[in-house]
Amino acid sequence: MKIKSMVKYLINDFIKGYLGFAGAILLVIHLGVVLAVATDGDGMLGGMELSTIIFMLIVGIISYRENLNMAVQNGISRKTYFISEAIAFALFALTGSCVDTLYCVLGNAYESIIENFTYDSTFEQIFLLNGEVPGITDYLKGFAMQFSFEFMALSAGLLIGAVVYRLNKVMKFVIPAAIYIIGFIVIPFVDYALFDLFITRKLASFMKFVGESFGHMSVTMTIGGVVLLAVSYLFIRRVQIADRK
């Protein structure tokens, strides 16, 4: 019962922000159409779903502190809070990917009736030929791919929020700087100097595998989201609640 109540609370909190965001994206699409018609120039929109992925990442980050505090103060265990977040994240991603698919349908509908307007979703840009008209199967594939990306973004956001919550003001700057230095300077240098770019080649092979098909990409992102969610629980289960800024 507590899980149901917590999920309902999380959904209501999510809807408040998402409605404004979704309305802004819809406005951008229509502005693009209006400009294409009014100027007789080539109007092109695409990859609007990427903004939703960024939005979901931010939702995952900022929802952690207040939602966890509220849950604990109301006698909800950390485990129940985590399960509720996982369920809510799946529903958030489902909602976001459904709406993004509707944007794609709307954008392609405008493209079919307005000669100088072009709309390409992220899925179309990656997996369809230039000018190819997406079918129902393509929309379903795009929906699945977008769900996986949004779920992973939410999970990554929760992990970031959980890690940052445990850090003091100094470490909030030290840890990101250390991650950047190790990830983008130390590891590439060591890989070049000692391993003859072995790590780089393996990473490139993995990225090539992921990009070979929407199936590879969707499954990889979904698994990544589950892993990030599981890791975030390690930071949540024993965290001390403190009123820190």
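Here's the list of lysines a cross-link from K172 could span, going by alpha-carbon distance under 20 Å and ignoring same-chain residues fewer than 8 apart: K245. In the chain, the DSSP-assigned H stretches of four residues or longer account for a calculated mean residue ellipticity at 222 nm of -27000 deg cm²/dmol, using -39500 (n - 2.57) per stretch and the full residue count as denominator.
Cross-link reach is defined here as a Cα-Cα straight distance under 16 Å, omitting same-chain residues fewer than 8 places apart; for K2 the aspartates and glutamates meeting it are E85. State the Cα centre-to-centre distance between region 183-219 and region 1-69 in whole Å. The distance from the Cα centre of region 183-219 to that of region 1-69 comes to 31 Å. The computed Cα Rg over 2.2 N^0.38 Å for the structure shown corresponds, within (i) 0.92; (ii) 1.03; (iii) 1.17, to (iii). The label point for E66 and the one for F184, both projected 7 Å from the Cα toward the Cβ, are 3.0 nm apart. Set the Förster radius R0 to 45 Å, insert the Cβ-Cβ distance between L234 and V133 as r into 1/(1 + (r/R0)^6), and round the FRET efficiency to 0.05. Calculated transfer efficiency: 0.45.
Just so you know, all these numbers are worked out from the coordinates, no wet-lab data involved. Values in this document were obtained by computation on a predicted structure and should not be read as measured data. Counting neighbours? That spans all protein chains shown, and the Cβs are built from the backbone with ideal geometry, glycine included.
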